[in-house]
Structures are given as C-alpha cells and as structure tokens.
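Each remark here refers to the structure printed beneath this line.
The values are calculated or read from the model by the stated rules, or taken from the named source; none is laboratory data. A quick note: this is a predicted structure, and the numbers were derived from the prediction, not measured. No Cβ is skipped: glycine too gets one built from the backbone with ideal geometry, and neighbour counts run over all protein chains shown.
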Amino acid sequence: MKKIYLTIDDGPSCHMRKKLDYLFKKNMPALWYCRGEYIDNATMSHLVYAIKNNFIIANHSFSHPYFSTITFKQAMDEILRTEKLIEKAYSLSGVPQKYKLFRFPFLDKGGKYKKELQDFLKSEGFQKACFENITYKYYQNNNFGEDIDAPWTFDACEYALFSKKSMEKRSLFVVDDFISRIHTDLPEKGFGLMSQDSNDIVLLHDFNQTHFLFEPIIDCLERLPVEFVLPEFL
Ligand SMILES: [Zn+2]
C-alpha cells in the first residue's frame, strides 16, 4: 500500500495541541518542523506534549529566511538556536532525543553554501530522514533523496489563504479548494496523492491563520487508500 509521510511545518502555533490530539486520535504519526522564533513558554508545552505522544520535533530554522540570502554564520546560528530549544523540549519531556532533523525554509538549501551547509548539518549530528520509494522523476532529477535535509512532494499550500500573491490570483480561497488539490492527479506536478506508484511526503502547516483547514485536510487524507508512517533514519 502507498505510504504517506506526514510533515507539519512552521509551528508551533497556539493550535498545535488540538492538532496533536486530532492526529493522535486517528493514529497518524507526524514530523513537526518547528521555527525557533515561535517557541515560547506556552508553545514549548505543546512541543513537550508532542514528544510525550511519540511525535517527532524537528528543526526548520529560527526565523525562516531564504538561506541563500544570509551568511554562512547566520545560517549556522539559525540552525543551532532552534536546535537548543528543541533539545530543551526533549529534556523537559524526559524522552531521549533520538534524531536531529532539519528542513530548509522554501527548500532553499543555501545557494553557494549548499555543500558547506550539508557538511555542517552532518558535523552537528543531523540525520537524514529516509523517505522510501519516492519515484517521481522531478524528485530523482533534483536528487531530493540525497541531501540530509528533508524535502516534500505534496504541499497543501494553506498559506495561499493569506498570501498577497495568491489573493491577487484569486486561486485558493475555501476549504474545498484545498481538498480538490488532494484529488488532483498530476504526479509530476506535485499532485501525486491519487497515484499508487509513489509514496509521498505531505507538507501541511501549523499557521494560526489556517488552523480551521487542518482537520478537513486530515479527514480527506485519511480517506485515501494509504498508510501513514514515519521515515527510517540514517
Ligand atoms: Zn516553512
């Protein structure tokens, strides 16, 4: 059966706990790639709760920059500051942190510093999440499976609801627009969820502005003939 790796970026938001409960109830594991800038005392407790309930907390930088527009030193700082907060969440939860995982904002791997950043992540003990059997040509042509940071293959694009660009285009506005994206069958264009040929890495977001989309999207994913799993790690 097709496998889906569920990843949730850009949290933690004040709605995270409710989302965790929803996923837990449905037995859907997930990786949460969090932004350091959103971790405060209140949201730290959501991270601890997530860890205690077997979710994985991962690193998505501190302030979500395009890594190709910042210096190498700033890039290291973005990664390390957030990792400290994640370490704190694991230590507060009493659960050992088994994995150090990272995803670049916007999949911008740092431009001219790309190799140095991959080496830096390795030297800091970050691991590669092994997403198996992703067969899309674009995924293989871009070597998305090779690097240590995590890619994705289906982006739910909830942020389109509050991004100026998409408002101008009048593209995605209501819940049904997002649900119909899940049912779009264009595997090589990033809409492969209907195809049984490849597994998928689904990217959802933990934004405050779109929290009401979370449960309908999860319900829709749950009805697909797929299995929800966590990756193996190298
Ligand atoms: Zn992001």
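Miscellaneous remarks
- Residue count for the stretch 199-218 under the criterion of being over 13 Å from residue 160 (Cα atoms), among the aromatic types (Phe, Trp, Tyr) and within 16 Å of the chain's Cα centre (by Cα): the result is 1.
- Inside the stretch 1-58, residues that are of a type in the set (Gly, Ala, Ser) and away from the ligand (no atom under 16 Å from the Cβ) make up a count of 3.
- Comparison of 197, 206, 149 shows that the only residue that is of a type in the set (Asp, Glu), touching a residue at least 60 places away in the same chain (Cβ under 8 Å) and touching a strand residue (DSSP E or B) at 6+ places or on another chain (Cβ under 7 Å) is 206.
- Test result for residue 212, surrounded by fewer than 16 Cβ atoms within 10 Å (Cβ to Cβ), part of a helix (DSSP H, G or I) and of a type in the set (Phe, Trp, Tyr): yes
- Filtered residues of the stretch 78-96 (kept if of a type outside the set (Val, Ile, Thr) and buried (at least 16 other Cβ atoms within 10 Å of the Cβ)): 78, 81, 83, 85, 89, 90, 93
- In the set (1) without any contact (Cβ under 8 Å) to a residue 12 or more places away in the chain; (2) basic (Lys, Arg); (3) outside any helix (DSSP H, G or I), residue 109 fails one condition alone, (1).
- Scanning the stretch 59-80 for residues that are within 16 Å of the ligand (Cβ to nearest atom) and within 18 Å of residue 9 (Cα to Cα) turns up 59, 60, 61, 62, 63, 64, 65, 66, 67, 78, 79.
- Residue that is nearest to residue 65 (Cα to Cα), among those in the stretch 86-106 that are assigned to a helix (DSSP H, G or I) and within 16 Å of the ligand (Cβ to nearest atom): 105
- Restricting 179, 148 to residues that are in contact with a helix residue (DSSP H, G or I) (Cβ under 6 Å, 6 or more places away or on another chain) and not in a loop (DSSP other than H, G, I, E, B) narrows the list to 179.
- Residues being modelled with pLDDT of 95 or more, β-branched (Val, Ile, Thr) and farther than 19 Å from residue 125 by Cβ are represented in the stretch 42-61 by at least one member.
- Flag if residue 195 is over 23 Å from residue 138 (Cα atoms) and either at pLDDT below 95 or surrounded by 15 or more Cβ atoms within 10 Å (Cβ to Cβ) (or both): no
- Scoring residue 84 on the criteria (1) modelled with pLDDT of 95 or more; (2) at positive phi; (3) not hydrophobic (A, V, I, L, M, F, W, C) leaves a single failure, condition (2).
- Taking first residues from the stretch 127-145 that are at positive phi and partners that are charged (D, E, K, R), the Cβ contacts under 8 Å between residues at least 6 apart in sequence or on separate chains come to 133/3.
- One residue from 33, 49 being out of contact with any Ser or Thr (no Cβ under 7 Å at 6 or more places or on another chain) and either crowded, with 21+ Cβ neighbours inside 10 Å or part of a helix (DSSP H, G or I) (or both): 49
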